[in-house]
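S.K.: Shown below is the structure under consideration.
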Amino acid sequence: MAEQLSIFELISNASLLVQGVMALLVLASVVSWMMIFQRWFFLRRAQAEVEDFEEHFWSGIDLRKFFVELEREESLNGIENIFASGFREYTRLTEQTGIDADAVMQGVQRTMRVAVNREEARLETHLPFLATVGSTSPYVGLFGTVWGIMNSFRSLANMSQATLASVAPGISEALVATAMGLFAAIPAVIAYNRFSARVEILMKRYEAFADEVSTILHRAAHTRIEES
């Protein structure tokens, strides 16, 4: 009985181009898994921060004191940054003379909208790469497979008698590239869809919170300007 070739033997016997395709797919898979774990921990932490912040925010604390506490921190991210950006702009505009409440709120809403967009960009970091790996890896693997099969059939021209045993190793080597392409693509696609859904949920909470803060500051602006 003929000895079966292992996967490593098939890879080592493949042509340089096919080996290059395999190496590229392995690298894409490794980088994808690194980004998957990084995004998983990041989005999980972002979700926990939103819940903790909203619980503290709606506990009835004084917003100005809360803002001062946040300003003491070195860096603000997520929902904290959205609130701090809006309240900072509110404080700056209300200290100006001759400005009405509507102008104040236009500036506050514009500032918070910019902050929300920045947070969206942070949440979506690495997702385009996962989408690219998920959509292109099968085709890259297929390219390696087609090239390997072409080489196998070209080698038949130098044989007086073609048998399945003579072309099977070459075809097997080529099919390994397709398998690697799928191995790189499937986790990337699943992670991209999962993370995109979580980002969408977080963005809806960010936008809803920004609207609620805008409503609170709008009432405060009217009261402050009327009193002055």
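The values are calculated or read from the model by the stated rules, or taken from the named source; none is laboratory data. Just so we're clear, the structure is a prediction, and the values are computed from it rather than from any experiment. Using ideal geometry, Cβ is built from the backbone for each residue, glycine included, and neighbour counts are taken over all protein chains shown.
S.K.: Please state which one of Ala115, Ala131, Ala121 is within 36 Å of the chain's Cα centre (by Cα), surrounded by fewer than 13 Cβ atoms within 10 Å (Cβ to Cβ), within 21 Å of Ser196 (Cα to Cα) and modelled with pLDDT of 80 or more.
M.R.: After ruling out the rest, the residue left standing is Ala121.
S.K.: Could you say whether any residue in the range 94-114 is β-branched (Val, Ile, Thr), over 30 Å from Ile186 (Cα atoms), out of contact with any strand residue (DSSP E or B) (no Cβ under 8 Å at 6 or more places or on another chain) and not in a helix (DSSP H, G or I)?
M.R.: There is at least one residue in the range 94-114 that is β-branched (Val, Ile, Thr), over 30 Å from Ile186 (Cα atoms), out of contact with any strand residue (DSSP E or B) (no Cβ under 8 Å at 6 or more places or on another chain) and not in a helix (DSSP H, G or I).
S.K.: Give the range 173-206 a look and list any residue that's closer than 13 Å to Ile36 by Cα, aliphatic (A, V, I, L, M), touching a residue at least 60 places away in the same chain (Cβ under 8 Å) and surrounded by fewer than 23 Cβ atoms within 10 Å (Cβ to Cβ), or say none.
M.R.: None; the set is empty.
S.K.: Has the range 26-48 got at least one residue that is exposed (fewer than 13 other Cβ atoms within 10 Å of the Cβ), among the aliphatic types (A, V, I, L, M), within 30 Å of Glu173 (Cβ to Cβ) and touching a residue at least 12 places away in the same chain (Cβ under 8 Å)? Explain how you work it out, then say what you get.
M.R.: Narrowing the range 26-48 to residues exposed (fewer than 13 other Cβ atoms within 10 Å of the Cβ): 27, 30, 34, 37-38, 41, 44-45, 48.
Now drop any that are not among the aliphatic types (A, V, I, L, M), which leaves 27, 30, 34, 48.
From the residues that got through so far, the ones that are within 30 Å of Glu173 (Cβ to Cβ) too are 27, 30, 34.
Cutting the leftovers down to touching a residue at least 12 places away in the same chain (Cβ under 8 Å) gives us none.
No, that holds for no residue.
S.K.: Scan Leu5, Leu10, Leu93 and give me the residue that is of a type in the set (A, V, I, L, M), farther than 30 Å from Trp147 by Cα, surrounded by 14 or more Cβ atoms within 10 Å (Cβ to Cβ) and at pLDDT below 90.
M.R.: Leu93
S.K.: When you look at Ser59, is it of a type in the set (Gly, Ala, Ser), outside any helix (DSSP H, G or I) and modelled with pLDDT under 90, yes or no?
M.R.: Considered against the rule, which asks whether it is of a type in the set (Gly, Ala, Ser), outside any helix (DSSP H, G or I) and modelled with pLDDT under 90, Ser59 comes out as yes.
S.K.: So which residues in the range 62-93 are of a type in the set (Asp, Glu) and assigned to a loop (DSSP other than H, G, I, E, B)?
M.R.: Hits for the range 62-93 are Asp62, Glu73, Glu74.
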